[in-house]
Every structure is written in structure tokens, then in C-alpha cells.
1. Looking at this structure, is residue 56 buried (at least 19 other Cβ atoms within 10 Å of the Cβ), more than 15 Å from the chain's Cα centre (by Cα) and more than 30 Å from residue 225 (Cα to Cα)?
2. So which residues in segment 69-81 are in contact with a strand residue (DSSP E or B) (Cβ under 6 Å, 6 or more places away or on another chain) and closer than 15 Å to residue 108 by Cβ?
3. Counting only residues that are within 18 Å of residue 113 (Cβ to Cβ) and out of contact with any helix residue (DSSP H, G or I) (no Cβ under 9 Å at 6 or more places or on another chain), which one in segment 145-166 is surrounded by the fewest Cβ atoms within 10 Å (Cβ to Cβ)?
4. I'm trying to understand the selection: among the residues of segment 69-102, which are assigned to a helix (DSSP H, G or I) and in contact (Cβ under 8 Å) with a residue 40 or more places away in the chain?
5. State the number of residues belonging to segment 36-54 that are farther than 22 Å from residue 147 by Cβ and in contact with a helix residue (DSSP H, G or I) (Cβ under 6 Å, 6 or more places away or on another chain).
6. Where residues in segment 38-68 are in a loop (DSSP other than H, G, I, E, B) and touching a strand residue (DSSP E or B) at 6+ places or on another chain (Cβ under 7 Å), which of them is nearest to residue 100 (Cα to Cα)?
7. Is at least one residue of segment 8-28 assigned to a helix (DSSP H, G or I) and either surrounded by fewer than 21 Cβ atoms within 10 Å (Cβ to Cβ) or at pLDDT below 95 (or both)?
């Protein structure tokens, strides 16, 4: 697995906002909008696992076989945009932005993500992407961001919602399956992924934002309030607060 990042200098300080949450909680769309509002980068960590699952499937690998998954990581060349307005994902020369959202990939993701050595390697990749982002801050969203990828982030949030609300939201996004099938797939994905990481319970120090009764804009505002409260303090977890500012892509 190659690391496409450029090392940052000691003077570089990136304000990290770590957002965990289950599928359908709105963490991807909310995180993108928060990044836009603050001029920050946006890192979708789940895309890396999806891209690796896609890569494995393209090579005919059984993603339930950990040894086979590890074998195929050797030539996994991954790149992702941190620009919330120009989002893309690539594996080698292939643009897989849309392909990694296909049902066959979704079904294979958990098999890839549960391999400890894969998670360790991908987590190192995430930290490199954050450090080399070139932006004053990065909104990082996924499943174990607040506890494993960025446990010392100045802002850590668990974005959640009631299961039936999450299922309804995901059903509205997926037009190729009926609501019952989408709900069943979401439940299966949660059950499978929760065996690897706990993304339903807030760790100590993690702020909970429950979007069950909030619309999209209200959820974005709720997350921004948590971030701004942290930025009003001169020092959080040893990391200096970075004032939000607009930057180029």
C-alpha cells in the first residue's frame, strides 16, 4: 500500500475535527458542509476501505479471506481529494469515486476493514493525508476517528441518529433498492462493523450530536457550535486552536 502524501513541516499545524457515526447519521454530507463553512479539508476515511474492497474484487479476491486481502494491498495505489467541492477517489489511474459506492463493494467492505494489519496501514495513511493537507484544518469522518485515528484531536464528535431515521435517510439516497432492503442492509452493515469498532457509543471526551430531530442545516450548525466552542479555548489537548479561514483548493 503506497502513501501518496507529502510530509508536513514542524511548523504546520492542522486543526483536526474527528467525527464518528453509523451509516445514515449524515456524517459525510454534514462533514463536507462544515468543511466548506470553515475553509477546511474533508477526509472521508470510509472511502479508503471501499477503494481497497473494490481493488480486491477487481483482482478476484475473496474479501472474507484476511490473507488474500493482505496480499492485494501490496499494489494498492490510493489517492483522495480533500477538497469538499472537488471530491474524487482514485486507485492507480482509475477514478473509482462512483464505483466504490456500488452494492457489491458495500457488501465487501467489512471483510476488508476487519483485518487489523489493514486498519493499521490505512490509519497511517489517514494521518499522513491530514498532515499534508495544506489546509488550516481537516474534518475527518468515519467509524473510529475519535478513538484510533485522531484520539487527540481538539474536537471529537459522535454524530448519531435513531436507527429508523438513519434507515429512512439512506433509503432516500439509494434509488435502486426498496426501503426494506436498504434498512436491512444498513442493519447488517452496522452489526458487521460494530464487531470491529464501537461507533455507537461516545468515548470519554467525545461530544454527542444527535440529529434524529434535526434537519440538515440544523445538524451542520450543531456541529459548528461544538467546533467554535473548542476554538474559543486557547489550548485543547495540547493543540493550538486554528482560526477558520478560506483557502484555495
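1. yes
2. Matches in segment 69-81: none.
3. 147
4. The answer is 69, 70, 73, 74, 99, 100, 101.
5. 3
6. Result: 45.
7. yes
The rows are residues; the columns are (1) modelled with pLDDT under 90; (2) surrounded by 22 or more Cβ atoms within 10 Å (Cβ to Cβ).
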position	(1), (2)
30	no, yes
33	no, no
38	no, yes
64	yes, no
70	no, no
78	no, yes
82	no, yes
90	no, no
114	yes, no
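The values are calculated or read from the model by the stated rules, or taken from the named source; none is laboratory data. This structure is a prediction, so every number in the text was calculated from the model and none was measured. Cβ sites come from the backbone with ideal geometry, for glycine too, and all protein chains shown count toward neighbours.
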